[in-house]
Structure formats: structure tokens, C-alpha cells
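S.K.: Here it is, the structure in full.
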Amino acid sequence: MKFSISEINHNLGNINFNGSVRSDLLFGNVSIDSRTISPEDLFVALQGEKFDGHDFLKNVLTIGVKAVVVNKGKENIVPKNLPFWVVPDTKEAFLKLALIKRRKLKIPVIAITGSVGKTTTKEMTLEVLKSYGQIKVSDKNFNNEIGVGLTIHSCKVADELLVLEMGMRGRGQIEILSKFSEPDIAVITNIGSSHIGILGSRCSIAEAKCEITHHLNPNGLVIIPYGDSLLEKNLKKIWNGRVVKVKIVKKNQNIEFNSSKDRYVFGTYDSLKNIIEIDKKTFEISYKGIHNALNFLYVYAISEELGINFDDHNKFTFRSLEGRNKIINTNKLTIMDETYNASPESVKACIKLLLDYPNRHFFIFGSMQELGDKSKQYHQEIIKLINDSDIKRCIFICEKDLEIQIRKYCFVSEKIVILNRIDNIIPMINEITHKGDVLLIKGSRYWQLDKLIPYIN
């Protein structure tokens, strides 16, 4: 799957070179890494806050690449014997080239966004849809402009399905990712409180997440949770196409259908057996918790759209993700490693899952970030939840300012110890826990709580 001079010229403007360039010149792929580039690739010199691809042009030339893409103003550093395209923004050029690649692929593209659950749903999709064929998914948390572009560019001819995770730091970013990937199926897992400090309200977050539909295939599908009126309201403003709504319900629960044109997927969840029942089919999954059961419903809806038959497989073991859905058994404890990040919704879900264990419960909780002026309110809610639970001891790590607010406006029971540093956590938790106890560790990446795990007995 190669890029021609003419199609690159069409998207980036005409190539620059003093000599002659063969019109039939082809490029094998697009690369932004001088360490892994091959002579057949086109090098795009990305420029970021901490790096500048233009600094590596000489390295690229020694490898023997045929041409490069540089930012306007950098033309003078391009070696005289190297053809190049000059563009206003190499990151945008990188994405334009990704769109060329995406259209060449001619395969279904699934885009997944939401406040929480994106990565988990993506990993579930990879496992459940194996019968569909060879699947390419976003690596790790490659969910920004560069990550999505890299994922598209890394697709092979043999790939039959592309699954992209889409994150955001503010308004307009999901739209950009949608524009240069043109998805066929879009999943919005939920509208939570992540980024509320940046966007100001859940309504603004919903508007930003719904941007995923701006460049969705008009005949495509949007999958959302049932009953989120804020999400449904914002989605209706910009999307008139097909919608599937999913929900975990109780057995024999009567459901009100809020739209006759939408489709619904309802499932029941047995937390003891970790079994989900959908349309009289039963599925056993390795991830625990009702929030993961809901994530599975999104994947089930995707599978239906793609024509997947579940007659021969109903048991799925998903790979453990660092800091998410990971259970570590020591000689003494069962550790729930949820250290990747934290939002009010994900913390509440993990506490519920912790309390499902029959043993004594302990919690190391790192304060949640990016909540803006809602921080005090959301932390108060979590503190109250802990106070009202049978958690034996919670070690809460937060900044001094937040501690002052919490102690002033919220009842803090004896079961909660508040610290401003992580230094003393290990001896404390090792002393108070006994064999058979269950320990949940969750907090924002700011606290790097994952570094504690190797030292817990």
C-alpha cells in the first residue's frame, strides 16, 4: 500500500526540488521516527514542545529516504539533494496522509471515546472480534492526534478491521480525530467528570465527545449508554443516523423505550459468577464489575453490526492492562491495581467492586486531578462513600490545600488517614493488613501509585 507523488501533491501541495523528481515515485509508508525509518518511507518532521523532528533530517538523509515533509520556515535546513514538501503544520500533514491511508484500506473503522472505559472497551473489542479477521487496534493509550495517526499508518494490507481509541484535552480535538479517520461505528462509553476542570461542565464534555460523529459515515452507527439524557440531547443536535443504546438491567425489569427508531441492547449481570446474559445468550468475561459488564455490551453491539455469530464462543479472557482491571495476588493480599488514572465515576465503580469481595477491605486513594472548582465536591462524595462502607482503612493522599478543604467541609472518620506524601504508605499498609485482605489502589497518574505495588507484602 504505497503513496504516490500525485496524491501527496494533491493533499500537501507540490513537491519542492531543484532537480527532476520521477512522477511515478512511490513511498512505502509514512514515518515520524528517524530511528525506525526505512529508505522507502516518507519522513514527516513533527515539531512538539519537547522535540523537533527537523533536528534529525541529516540522520534521515543517511538512511536514504526519497523525500521529507517540513514546516514552513524550515526549508533552509533541508539538504540540497533531498526533495521535500513544505507545509504550515507537519502534524496536520501527518494526519492528512493518515486519511489517504485510511481510505486506501477500505475496511470498517471503529472509534471509541468517553470519559472512562475507552481502553478497556477497545481491548474487549480486540478479543471478542477475533473471528472477524485480523484486527488493528490503538497501541497502549495512543489516543491523541499523533497516536491515532500512527495507528492508521501502521495498518497492514491483511488487516480487516481498525479500532481507534480517541481521547481529548479540550474542545475540537475529537472532531480532528474523526475528520482524519472517518469512522463507520462510533462508541461513546459515558459522559463523566474527567476534564471538567478544563471544559467547565458535563454538558460541555458531552458536546466535545459527540464531535466523534462530525465525520462519521452517514450510514454508520453510534453506540451509547441508555438513559444518559445529557448525552442523548447533545447527540440529537448533530446526528440523525442510527443509534444503539445499551444498559445493564435487573432480571424482569420493565424498561421504558425513549425512542422508537433507536435499537436497544439490554443485559443482566451476575456479579458472583461474572456472567452477562444478552438476548438469552450467556457470556462469561474475565473483567469483574458492572462497569465492565456495560463495556461488554458496547462490544456486543459492535459485533451485531459486523455480523458476528456467538454460537461457538461465549467465554472471553481479556489481557491485563497496566493499572486497569489488574488483580495481583501476593502471599498476603489480593491487590486491585487501578493505578492508571482516576475520575469520580471510575473511583466509585472500583469501590463497589472492592466491596463485592467477602474479605476485609482496604483502600489507597490518590486524589483526582483536573476537576477544577468541582474538586472539593467530588472528593467529598468519595469520602462519604468510604465513611458509609465497611472499608477498614483508607489512606488518602492529597495536596495540603485539598486536605484543609476536606477536613473543614466534610466528616472524616477514624478509618480515613490523610497524607500529603506517599513516603509512609508502605510501612503503614503492611502493618495494618492481614493475610486474605483485599487492597484497592487507585488515584490519578500524578501520584504514581503503581510504584508502591512491588513493596507491598
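S.K.: Which loop-located trypsin sites (Lys or Arg not before Pro) does the stretch 62-117 contain, where loop means any DSSP state but H, G, I, E or B and the Cβ has at most 16 other Cβ atoms within 10 Å?
M.R.: Qualifying residues, ordered by number: 72, 80, 106.
S.K.: Right, another one. So how far, in whole Å, is the C-alpha centre of the stretch 330-388 from the one of the stretch 105-147?
M.R.: Answer, in whole Å: 27.
S.K.: Once the dipole of the stretch 270-396 is set up with Lys and Arg at +1 and Asp and Glu at -1 on Cβ about the Cα centre, which of 372, 301, 330 lies farthest towards its positive end?
M.R.: Selected residue: 330.
S.K.: With Rg and the Kirkwood Rh both taken from Cα atoms, where does Rg over Rh land for the stretch 91-211?
M.R.: Result for the stretch 91-211 is an Rg/Rh of 0.97.
S.K.: When the dipole is taken about the Cα centre of the chain, and only Lys, Arg (+1) and Asp, Glu (-1) are charged at their Cβ, what size is it in debye, to the nearest 20?
M.R.: About 160 debye.
S.K.: I've got another one for you. Order by neighbour count: 373, 450, fewest other Cβ atoms within 10 Å first, most last.
M.R.: Going from sparsest to densest Cβ surroundings: 373, 450.
S.K.: Right, something else. With unit charges on the beta carbons (Lys and Arg positive, Asp and Glu negative) and the dipole taken about the Cα centre of the stretch 3-93, which residue among 25, 86, 62 sits farthest to the positive side?
M.R.: Farthest along the dipole direction, towards plus: 62.
S.K.: Roughly what would the spin-label model give for residue 40 and residue 428, points 7 Å off Cα along C-beta, in nm?
M.R.: Simple spin-label model gives 5.7 nm for this pair.
S.K.: Quick one: of 288/442; 352/442; 130/326; 66/91; 288/348, which pairs are farther than 18 Å apart, Cα to Cα?
M.R.: Cα-Cα > 18 Å for 130/326; 66/91; rest within.
S.K.: Once you have the Cα-Cα distance between residue 260 and residue 24, take 0.36 nm times their residue separation minus that, and quote the gain in nm to one decimal.
M.R.: 79.6 nm
S.K.: Rounded to the nearest 500, what is the 222 nm mean residue ellipticity of the chain from helices alone, with -39500 (n - 2.57) per DSSP H run of 4+ residues and division by all residues?
M.R.: Estimated from H runs of four or more residues: -9000 deg cm²/dmol.
S.K.: Relative contact order for the chain: what is it in percent, counting Cα pairs under 8 Å that are at least 6 residues apart?
M.R.: With pairs under 8 Å counted, the relative contact order is 11 percent.
S.K.: So the label point goes 7 Å from the Cα of residue 237 along Cα→C-beta, right? Which residues of the stretch 178-212 then have their backbone N under 15 Å from it?
M.R.: Only 199-212 fall inside the zone, counting backbone N under 15 Å.
S.K.: Towards the positive end of the charge dipole of the stretch 175-222, with charges on Cβ (+1 Lys, Arg; -1 Asp, Glu), say which of 185, 218, 198 has the farthest Cα.
M.R.: 198
S.K.: Roughly what percent of Cα-Cα pairs across the stretch 326-455 reach past 17 Å?
M.R.: 53 percent
S.K.: Also, quick follow-up: Filter the GluC sites (Glu not before Pro) in the stretch 230-289 down to the DSSP loop ones having no more than 10 other Cβ atoms within 10 Å, then list what survives.
M.R.: Qualifying residues, ordered by number: 256.
S.K.: Next up: Excluding same-chain residues fewer than 8 positions from residue 250, which aspartates and glutamates have a Cα within less than 19 Å of its Cα?
M.R.: Excluding near neighbours in sequence, the set is 228, 270, 277, 279, 284, 356.
S.K.: Can you tell me how much longer the chain between residue 229 and residue 448 gets when fully stretched, taken as 0.36 nm per residue apart minus their C-alpha distance, in nm with one decimal?
M.R.: Additional length available on full extension: 75.3 nm.
S.K.: Shifting gears a bit: Only counting other Cβ atoms within 10 Å, I'd like 362, 411, 17 sorted with the fewest neighbours first.
M.R.: Fewest to most other Cβ atoms nearby, the residues stand as 411, 17, 362.
S.K.: If you place +1 on the Cβ of every Lys and Arg and -1 on the Cβ of every Asp and Glu, how big does the dipole about the Cα centre of the stretch 278-389 come out, in debye to the nearest 20?
M.R.: Here the stretch 278-389 has a charge dipole of around 480 debye.
S.K.: Next question, about the same structure. Are there DSSP H segments in the chain that both extend 20 Å or more along their axis (alpha-carbon positions) and score a mean Kyte-Doolittle hydropathy of at least 0.5? List them, or say none.
M.R.: 290-306
S.K.: Separate question: Can you tell me the dipole magnitude for the stretch 1-143 around its Cα centre, using point charges on the Cβ only (Lys, Arg +1; Asp, Glu -1), in Debye to the nearest 20?
M.R.: 320 debye
S.K.: Could you put 399, 165 in order, starting from the residue whose Cβ has the fewest other Cβ atoms within 10 Å?
M.R.: In increasing order of surrounding Cβ atoms, one gets 399, 165.
S.K.: Once both labels are modelled 7 Å past Cα along the beta-carbon direction, what's the residue 252-residue 411 spacing in nm?
M.R.: Placing both labels 7 Å along Cα→Cβ, they lie 3.7 nm apart.
The numbers here are math on the coordinates, done by the rules we state, and not lab data. Quick caveat: nothing in here was measured; it's all calculated off a predicted structure. With ideal geometry, Cβ positions are generated from the backbone for all residues, glycine too; neighbour counts draw on all protein chains shown.
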